[in-house]
Amino acid sequence: MIIFFKHIIFLLQRTSAPIGALVLFVLSVNAQQNQPTDTLKTKHLNDAVVTGQYGENSLKNSVFKVKVIDAQRIQQQGAVNLKDVLANEINIRINQDPSLGSSINLQGVTGQNIKILIDGVPVIGREGGNVDLTQINLNNVERIELVEGPMSVNFGSDALGGVINIITKKSVAKTRRFNLGTYHESIGQYNIDGGLNFDFKRTQWQINGGRNFFDGYNENEKITRFKLWKPREQYFADVTVSFSGKTGNWRIQNNWFTEKVTSLDSGTVTPFYAYGLDQYYYTTRSTTSVFWDKKLKNNFAVNIIGSGNYYKRVRNTLRKDLVSLQEEQTTAAELNDTNYFYLLMSRGFVSKNKNDAKVNYQIGYEINHEFTEGGKIADGEQQFTDYNIFASTELKPTKKITLRPGIRAIYHTKFNAPLVPAINLKWEITSYLKLRASYARGFRAPSLKEMYLKFVDPSHNVQGNPNLKAETGDNLQLFTTFEITKQKHMFRFEPSLFYNHISNMIDLAMVNAQTIAATYINVGEFTSRGINFNMEYKTPVYGIQAGYAATGRNNSYATDNKFYTSNEVRVNFTATHPKKNTSLALFYKYNGKLQAYQYNYTNNEVMLGYINAFNVLDATISQPFFKKRLNTTLGVKNILDVRNVRASIVGGVHQSSSNNAMIAMGRTLFFSIRYSINQIKQ
C-alpha cells in the first residue's frame, strides 16, 4: 500500500498542478476555505471568517472566538513571515532558535499541539516537534484566523491547543492584477516577490513567487565565518487556477517552498592544515490541493478539499579546505541524511446553513494517510492512517442564544482514539454585550518521528518509542465581548478566561547518561490557566489596541504542584492622515518572566528554568503614491535593542544549558516598496 501512495505523491510533485490535483481529487475531500472570497465586499473583508464555520460567517456571528489579523496589519508591521506577525499577539510566546527557526506557545501549550493550516490544508514538516514559523511567508496572504483551544472536532489530531488558518488572496473574475515588491532590512535581509492575476477563457489564474535571503548575523563582527544566526536562502512560488460552472466552484492550487540553511564552523587551523566542517540543511515543501464547493437547494452546500503534501529534509556535512577552498562531502553516515514525509489528506462536509433557521448542522469526514522514509527512520519507512467522521449542529432556542455541540469519532491504525466532543455557547445578552463559553476535548496522536526516529551523531542519540500513548486534553474557555459602534467609531472590550489540561504529555527523557541515549516517553500531566483582557478603539483616522494576559503553567515535574505565572502586555497604535493617506504605526509588547519546571537530561534531575522579562517596540510609517499604486513602508524594529536576556535554560537532548536566551538580533531598520496595478474588465 505504501508503494501505491508514493507513486501518487511522485505524480503530484512532477505533473502540472491541474493534472496532479485532479488525480488527487479522486482520492480525497474537504474544505475549510470553502467559497471564493471575491463574493465578499471589500469593506467587510475583515469581518468575514471561515475557520470552523459552516460557510462564510461574520466575526460577530461566529460561535467560536476567532482572532483576525488582516493584510493591512501585516503590511504596517513589516511582517515577512508568520513569526514576525504573531510575535506581537497577546497570549502567544515565540521561541527562537538560530538554527531550527521559530516555534510558538499558545495559552501555554507548545507548538506541537498547534495546527497550522493554509486555506484549511495542514502544513507538514515539524523539526523538534514544531513547524518553523520563519518558513511560512506572508507575501500572498489576505488574513490570518486564529482560534485558541482544542479544535479537534473540526480539524482532528494536532489541533489540541489551537488552530492558525492562513487565508491566501484569491483570483477575482474579470480582474487583472500585477504586483512587485522588495524588502530590505539592515541586518542583512534582502527579499523580492511578485504576483500576477489574469483571466484565460473561463478560468482565473494566479501566479506568485519570490526569494528571501538572510546573510546571517553575529554580535561579534570580528567573527566572519561562524554565524550564530544562520544564513538562510528561501525560494517560494504558488500557482492557482479557479473556474465555476454548473458542477460548482473549483480551485486548484500548488504551493512550493525550498530553503537552504548554512552552518559554518569556526574552522580548525594547525601548522599542517586548515579546514572547516560545514553543514548545509535543505528543506523542500510542496502541496498540491483541489477545492470544490457547490450550493444545493434548501440552503444545503457541499464542500470538498483534497491535498497531497510532500516534505523533504536533507543534511549534508562537507569538509572544506580553507586554503584551496575545495569541498568534499564526509562519508560518515551520521553526518549526512535525507528524510521524506508525505501526507495525503481528505476532508469534506455537507452543511445546512440558513441565517434565521433554528437548526443548522454539518456532517463530514476526514482521512489522513502519513508515511515517511529515510535513514533515520526505523526499518527505513513507516506509516499510519486515521479515518474520521464528525458532526455538529447549531441550535437557536431563542434569537439571542446559539448552542453548537459537536463530536468526532476517530479510527487510528496505531492508537485507540476516544470520542472527541465539544460544545460552544454564544449568548447575545444585549445588542452591546455577548458571552461565549466552550468546552472541548482534544486529541493528538504521537508523530511518526516520535515513534520511529533514530537520530544518532556525535552529539545526539535519540530513539523513537513505538509504545507511546496518545495525548488527550480538556479545555474550558469563557469570553465576554462588550462592543459599541456608533457612526464611524468602534469600541470593543473583551475579558476572557481559559483552562487547559493535557494527559500523557510526550517529552524526551535520558535513558543512558554514558551514551547520551534518550527516547520519547509519556511524562504525565500538563496544565495551563489564564486570564486575558483586550481592548480596541477604532475610527477612520486612528486606532488603539491594548491587551493584558496572565498565563500560569504546571506540569508533572512540579512536585509542589505550583503554578508559575507569566504576564504579557500589548499596546498598538495606528494613525492615518485622511487626505495624504500617510500612516503611522507603533507596536509594543511586554513579555514577562517565563518560568517552568524542566527535566535536566545531563544531571538526570528536575530544575526550575526561566527566561527573564523583555520589551519589544517597533515603529513604521507608510505612504502610498501614484493613486495608491506604489506603497512604501519605512520602519524600525526592536527599537529597544533587545538581543539576549538573562535565563536559566536547562540542557536537553538538542541543546546545551545556557544562562542567556537569544531573543533578537538588535535594532534594525527596514524599508519595503510594492507596486501594484489593478484593471477591471468592462
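We did not get these values from a lab; they are worked out from the coordinates using the rules stated. Every value quoted in this text rests on a predicted model; they were computed, and no experiment measured them. As a convention, Cβ positions derive from the backbone with ideal geometry for all residues, glycine included, and neighbour counts pool all protein chains shown.
Per residue of region 55-72, in order, report the coupling 6.51 cos²θ - 1.76 cosθ + 1.60 (Karplus, θ = phi - 60°) as ³J(HN,Hα) in whole Hz, putting x for Gly and Pro.
Whole-Hz 3J(HN,Hα) from phi for region 55-72: x, 4, 9, 7, 4, 5, 8, 5, 5, 6, 8, 10, 8, 10, 10, 8, 5, 5.
Quickly work out the ILE192-to-GLU233 label distance, labels modelled 7 Å from Cα along the C-beta direction, and quote it in nm with one decimal.
With each label point 7 Å from Cα toward Cβ, the separation is 1.4 nm.
Please name whichever of ASN360, ILE673, LEU82 sits farthest to the positive end of the charge dipole of region 2-680, dipole taken about the Cα centre and charges placed at Cβ: Lys and Arg +1, Asp and Glu -1.
Highest projection toward the positive end goes to ASN360.
Got a sec? Charge dipole of region 2-680, +1 on Cβ for Lys and Arg, -1 for Asp and Glu; which of ASN95, ASN130, ASN532 is way out at the positive end?
ASN532
How many angstrom lie between the Cα centre of region 102-135 and the Cα centre of region 275-294?
Going from one Cα centre to the other spans 15 Å.
Could you check the simple spin-label distance between TRP205 and THR385, using points 7 Å along Cα→Cβ, in nm with one decimal?
Taking the simple label geometry, TRP205 and THR385 are separated by 3.7 nm.
Relative contact order for region 513-633: what percent, with Cα pairs under 8 Å and sequence separation of 6 or more? Walk me through the numbers before you get to the answer.
Working: 242 pairs, mean separation 21.9, N = 121.
Worked out over region 513-633, it gives 18 percent.
For the chain, what is the relative contact order in percent, using Cα pairs closer than 8 Å and at least 6 residues apart in sequence?
Values: 1886 pairs, mean separation 75.1, N = 682.
Once normalised by length, the contact order is 11 percent.
Could you tell me how far the Cα centroid of region 566-593 sits from the Cα centroid of region 610-651, in Å?
11 Å
Compute the length gained on full extension between MET535 and MET607: take 0.36 nm times their separation in residues and subtract their Cα-Cα distance, giving the result in nm to one decimal.
Full-extension gain reported as 22.2 nm.
Could you size up the charge dipole of the chain around its Cα centre, putting +1 on the beta carbon of Lys and Arg and -1 on that of Asp and Glu, and report it in debye to the nearest 20?
3180 debye
Can you work out the Karplus-derived ³J(HN,Hα) for every residue in region 101-109? Use 6.51 cos²θ - 1.76 cosθ + 1.60 with θ = phi - 60°, whole Hz, and x for glycine or proline.
Values per residue, Gly and Pro as x: x, 10, 9, 10, 10, 10, 6, x, 8 Hz.
Residue farthest toward the positive end of the dipole of the chain, with Cβ of Lys/Arg at +1 and Asp/Glu at -1: which of ILE521, GLY55, ASN465?
GLY55
Calculate the spin-label point distance for THR330 paired with VAL314, positioning each point 7 Å from the Cα along the beta-carbon direction, and give it in nanometres.
The two pseudo-label positions are separated by 1.8 nm.
Given that just one value was derived from the coordinates, which of (i) 0.94; (ii) 1.23; (iii) 1.06 is Rg/Rh (Cα atoms, Kirkwood Rh)?
Read-out taken from this structure: (i).
Add -39500 (n - 2.57) for each DSSP H run of 4 or more in the chain, then divide by its residues: what number comes out at 222 nm, to the nearest 500 deg cm²/dmol?
Calculated at 222 nm, the ellipticity per residue is -1500 deg cm²/dmol.
Can you list the HN-Hα couplings for region 112-122, worked out from phi with the Karplus curve (6.51, -1.76, 1.60; θ = phi - 60°), rounded to whole Hz and with x for Gly and Pro?
3J(HN,Hα) across region 112-122, in whole Hz: 5, 9, 10, 8, 9, 10, 10, 6, x, 9, x.
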